[in-house]
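Undergrad: So that we are looking at the same thing, I have put the structure below in structure tokens.
The values are calculated or read from the model by the stated rules, or taken from the named source; none is laboratory data. Treat the numbers as computed from the prediction; the structure is a model and nothing was measured. Using ideal geometry, Cβ is built from the backbone for each residue, glycine included, and neighbour counts are taken over all protein chains shown.
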Amino acid sequence: MRQRIMHHGARRRRERRRRAVWTGGELLVTVGVVLLLLVVHQLWWTNREARQGAQHRVEALEREWGQGGGADSGTAADSGSTATAPASPAERDVPSTASAPAASAPATPDPSQAYAVLSIPRLHLRVPVAEGVGKRSVLNKGYVGHYPGTGQPGRAGNFALAGHRNTHGEPFRYINRLTPGDTVRVETRSAVYTYAVDRTLRQTSARDSGVIRPIPRSTVHPTHGYTTPGYYLTLTTCTPEYTSRYRLVVWGKLVSTRPR
């Protein structure tokens, strides 16, 4: 009976293949665990951390306003507004000295500084508004960012805001659920401004700057937007979810102003 002869070279090659397969499997498992941890960090931890930070900032602003002082003058969005909002839709669209809020011109907020609170009752949302739309300095903190150069709350023009749709607190995740008539409140040191949701642009280019102009109107979809001056609010976020390819836009109009 012939016996099979095993050569040492063949045995070593088989052993090397086994080690390579084992090492490859370990690497795949490690990569999978790392990716899972990254997903958990992005989808859970950043939301938890940002929401807590945003809530603490809202509480701090409320304490400052309740005490009637404390914040730097550069963080005030307006000063001493006690006028009422335009009384009719026509007046809201065309500001005049008789119908427009009579607040003095707001000071320029400090960059990245939270200076107002945005509340959307339908979404159970209450978050700080900070100057600027930088990710690291504003949006990743769970704040809503004010587009520099656009109007201030309660003023003629367009008070335009941006917020994350996903991760980092995702304050604007569900603004697609807003319908005409839903209210959006903006609170500052001196006044509370209430806007009513009016129109929604479900998808437009991320470069569509027309949606945040003083008279907001899409440059990509010209049938969406406005043609007359007014007191507008614009909310923008990314769409579809978990991408940043397009923008979702919600517009509202000022319906009331009251002093704090």
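Undergrad: For region 224-232, check the following and say yes or no: at least one residue is within 23 Å of Leu139 (Cβ to Cβ) and either among the aliphatic types (A, V, I, L, M) or at pLDDT 95 or above (or both). Reasoning before the result, please.
TA: Let us first name the residues in region 224-232 that are within 23 Å of Leu139 (Cβ to Cβ), namely 232.
With either among the aliphatic types (A, V, I, L, M) or at pLDDT 95 or above (or both) added as a condition, the list becomes 232.
The answer is yes, given that some residue of region 224-232 is within 23 Å of Leu139 (Cβ to Cβ) and either among the aliphatic types (A, V, I, L, M) or at pLDDT 95 or above (or both).
Undergrad: Does region 228-240 hold any residues that are in a loop (DSSP other than H, G, I, E, B) and either touching a strand residue (DSSP E or B) at 6+ places or on another chain (Cβ under 9 Å) or closer than 13 Å to Thr200 by Cα (or both), and which are they?
TA: The first filter runs over region 228-240 and keeps only residues in a loop (DSSP other than H, G, I, E, B), leaving 228-230, 240.
Answer for region 228-240, where residues must be in a loop (DSSP other than H, G, I, E, B) and either touching a strand residue (DSSP E or B) at 6+ places or on another chain (Cβ under 9 Å) or closer than 13 Å to Thr200 by Cα (or both): Pro229, Gly230, Pro240.
Undergrad: Step by step: first the residues of region 142-151, then only those that are surrounded by fewer than 24 Cβ atoms within 10 Å (Cβ to Cβ) and touching a Pro at 6+ places or on another chain (Cβ under 9 Å), then the one that is farthest from Arg199 (Cα to Cα). Which residue is that?
TA: Per the stated criteria, the residue is Pro148.
Undergrad: Please go through region 145-201 and pick out each residue that is farther than 19 Å from Ala114 by Cβ and of a type in the set (A, V, I, L, M, F, W, C).
TA: Of everything in region 145-201, those that are farther than 19 Å from Ala114 by Cβ and of a type in the set (A, V, I, L, M, F, W, C) turn out to be Ala156, Ile175, Leu178, Ala196, Val197, Leu201.
Undergrad: In region 157-179, which residue that is in a loop (DSSP other than H, G, I, E, B) and over 10 Å from the mean Cα position of the chain (by Cα) is farthest from Arg213 (Cα to Cα)? Write out each step before concluding.
TA: Narrowing region 157-179 to residues in a loop (DSSP other than H, G, I, E, B): 163-174, 178-179.
When the remaining residues are screened for being over 10 Å from the mean Cα position of the chain (by Cα), the result is 167, 174, 178-179.
Details: Thr167: 27, Tyr174: 23, Leu178: 21, Thr179: 22 Å.
The residue in question is Thr167.
Undergrad: Is it fair to say Thr243 is surrounded by fewer than 20 Cβ atoms within 10 Å (Cβ to Cβ), modelled with pLDDT of 95 or more and outside any strand (DSSP E or B)?
TA: Numbers: surrounded by fewer than 20 Cβ atoms within 10 Å (Cβ to Cβ): yes; modelled with pLDDT of 95 or more: no; outside any strand (DSSP E or B): yes.
Here the answer is no, as Thr243 does not meet what is asked.
Undergrad: What's the total number of residues in region 151-176 that are touching a helix residue (DSSP H, G or I) at 6+ places or on another chain (Cβ under 7 Å) and of a type in the set (Lys, Arg)?
TA: So the answer is 0.
Undergrad: Pull up region 105-140, narrow it to residues that are touching a Gly at 6+ places or on another chain (Cβ under 8 Å) and of a type in the set (D, E, K, R), then point me to the one that is farthest from Arg165 (Cα to Cα).
TA: So the residue we want is Asp110.
Undergrad: Report the residue count in region 206-244 for those that are touching a residue at least 24 places away in the same chain (Cβ under 8 Å) and among the β-branched types (Val, Ile, Thr).
TA: 8
Undergrad: Just the residues that are crowded, with 16+ Cβ neighbours inside 10 Å and small (Gly, Ala, Ser), please, taken from region 180-209.
TA: Matches in region 180-209: Ser190, Ala191, Ala196.
Undergrad: Quick one: in region 110-141, which of the residues that are among the small types (Gly, Ala, Ser) and in a loop (DSSP other than H, G, I, E, B) is surrounded by the most Cβ atoms within 10 Å (Cβ to Cβ)?
TA: Of all residues in region 110-141, those among the small types (Gly, Ala, Ser) come to 112, 114, 116, 119, 130, 132, 134, 137.
Okay, now just the ones that are also in a loop (DSSP other than H, G, I, E, B), so 112, 132, 134, 137.
On the way: Ser112: 15, Gly132: 18, Gly134: 14, Ser137: 16.
By that ranking, first place goes to Gly132.
Undergrad: What pairs can you find where one residue is in region 186-204 and over 16 Å from Lys253 (Cα atoms), the other is of a type in the set (A, V, I, L, M, F, W, C) and outside any strand (DSSP E or B), and their Cβ atoms are less than 6 Å apart, with a gap of 6+ or different chains?
TA: Thr188/Ala77; Arg189/Trp65; Arg189/Ala76; Thr204/Val220
Undergrad: Could you identify the single residue in Gly145, Gly149 that is of a type outside the set (Asp, Glu), touching an Asp or Glu at 6+ places or on another chain (Cβ under 9 Å) and more than 14 Å from Lys253 (Cβ to Cβ)? Walk me through how you get there before you give the answer.
TA: Details: Gly149 fails: touching an Asp or Glu at 6+ places or on another chain (Cβ under 9 Å).
None of the others qualify; the one that does is Gly145.
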